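Enquirer: Supplied in structure tokens, the structure appears directly below.
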Amino acid sequence: MNDVSPAHRLFPGAPKSPVLLHVPHGSRVIPAAVREGIVLDDAALERELDHITDAHTDRIAERAAARAGAAPWRFVNQLSRLVVDPERFPDEREEMLAVGMGAVYTRTTHREALRPDGHDGRPLVDAYFVPYAAAMTDAVAQRLETAGRAVVVDVHSYPSERLPYELHGDGPRPPVCLGSDPFHTPPELLGLAEEAFAGFGGTGVNSPFGGAYVPLEFYGKDPRVTALMIEIRRDVYMTEPGGPAGPGLEELGDALARFVDAATNSI
């Protein structure tokens, strides 16, 4: 877990592609200075990373970009979400604060201590969350400028068995969960995803995780920005928790490529 720079990376796609694949939770990297503020020993931290990391999602997005007719752009977090979670609200609006998982996590997936009581997360928000949000906002603005619209597609994964931190984990856990937003997810976009991912044993909507990420500058304001979250149940493509990927990874990458093509050409 060494320091890396940059903390996030934008991989260019086709100049006129409106699609931006966002991979926020696929890294296990924690800078040394951030590691010092985590109370888990090394073995416990590795176990926590197994549970909390959306392993191999960067590879799924990479394969989709290589297989799509018009390559999407890819915005990939290079750091673990245990540094900051760029998809949380950075204030009291975030419901995951109830389990110690706001923008800066203080509790683990099993609701154990991750950082000391009273930990001040503001320095991490300033150092990591704010620059990430600004860069993601710029990436969406570029798609609007060059393509006239932006389609933000979050690429996530989730465990086959509910973990204690989940607030809404008592519902269905389909092979592919599609997260939608009432403002930013048109029915047509959701339908294209349902069709593209139909071959994995079924899809569901907003269970066990819901919503779709849009940078706050555009959120609830700009209908040119559409969004969808794709949550893949981990047993579909990997050994849980934190193990190697299997053949499902390539199949999911191909399905994501089909969805990218459909979103590029049909919406």
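The values are calculated or read from the model by the stated rules, or taken from the named source; none is laboratory data. Note that the structure is a prediction, hence the values are computed from the model and not measured. Virtual Cβ from ideal backbone geometry, glycine too; neighbours counted across all protein chains shown. Remember, those area values only see protein heavy atoms, side chains included, never the ligands or the DNA or RNA. Shrake-Rupley method; radii C 1.70, N 1.55, O 1.52, S 1.80 Å.
Enquirer: Based on this model, can you work out whether Val151 counts as more than 21 Å from Thr108 (Cα to Cα), of a type in the set (Val, Ile, Thr) and either in a helix (DSSP H, G or I) or in contact with a Pro (Cβ under 9 Å, 6 or more places away or on another chain) (or both)?
Expert: yes
Enquirer: So Pro174 ticks every box in (1) open to solvent by 30 Å² or more (accessible area, probe 1.4 Å); (2) at negative phi but one. Which box is left unticked?
Expert: (1)
Enquirer: I'd like the full set of residues that are under 13 Å from Ser80 (Cβ atoms) and under 18 Å from the mean Cα position of the chain (by Cα), limited to segment 5-37.
Expert: Within segment 5-37, Ala7, His8, Val23, Pro24, His25, Gly26, Ser27, Arg28, Val29, Ile30 qualify.
Enquirer: Okay, next question. Six or more apart or on different chains, Cβ atoms under 9 Å: show the pairs whose first residue is in segment 36-54 and basic (Lys, Arg) and whose second is open to solvent by 20 Å² or more (accessible area, probe 1.4 Å).
Expert: Arg47/Leu40; Arg47/Pro241; Arg47/Gly242
Enquirer: Condition (residue is open to solvent by 10 Å² or more (accessible area, probe 1.4 Å), free of Cβ contacts under 8 Å to residues at least 60 places away in the same chain, of a type in the set (D, E, K, R) and over 21 Å from Asp138 (Cα atoms)) applied to segment 211-226: is it met by at least one residue?
Expert: Looking for residues that are open to solvent by 10 Å² or more (accessible area, probe 1.4 Å), free of Cβ contacts under 8 Å to residues at least 60 places away in the same chain, of a type in the set (D, E, K, R) and over 21 Å from Asp138 (Cα atoms), one finds none in segment 211-226, hence no.
Enquirer: Now for a different question. Would you call His184 in a loop (DSSP other than H, G, I, E, B) and modelled with pLDDT under 95?
Expert: no
Enquirer: Ala64 is checked against (1) surrounded by fewer than 23 Cβ atoms within 10 Å (Cβ to Cβ); (2) under 15 Å from Val23 (Cα atoms) and fails just one. What number does that condition carry?
Expert: Single failed check for Ala64: (1).
Enquirer: Every residue in segment 88-129 that is assigned to a loop (DSSP other than H, G, I, E, B), within 30 Å of Glu62 (Cβ to Cβ) and either touching a Gly at 6+ places or on another chain (Cβ under 9 Å) or without any contact (Cβ under 8 Å) to a residue 40 or more places away in the chain (or both), please.
Expert: Those that are assigned to a loop (DSSP other than H, G, I, E, B), within 30 Å of Glu62 (Cβ to Cβ) and either touching a Gly at 6+ places or on another chain (Cβ under 9 Å) or without any contact (Cβ under 8 Å) to a residue 40 or more places away in the chain (or both): Arg88, Phe89, Pro90, Glu94, Gly102, Ala103, Val104, Thr108, Leu114.
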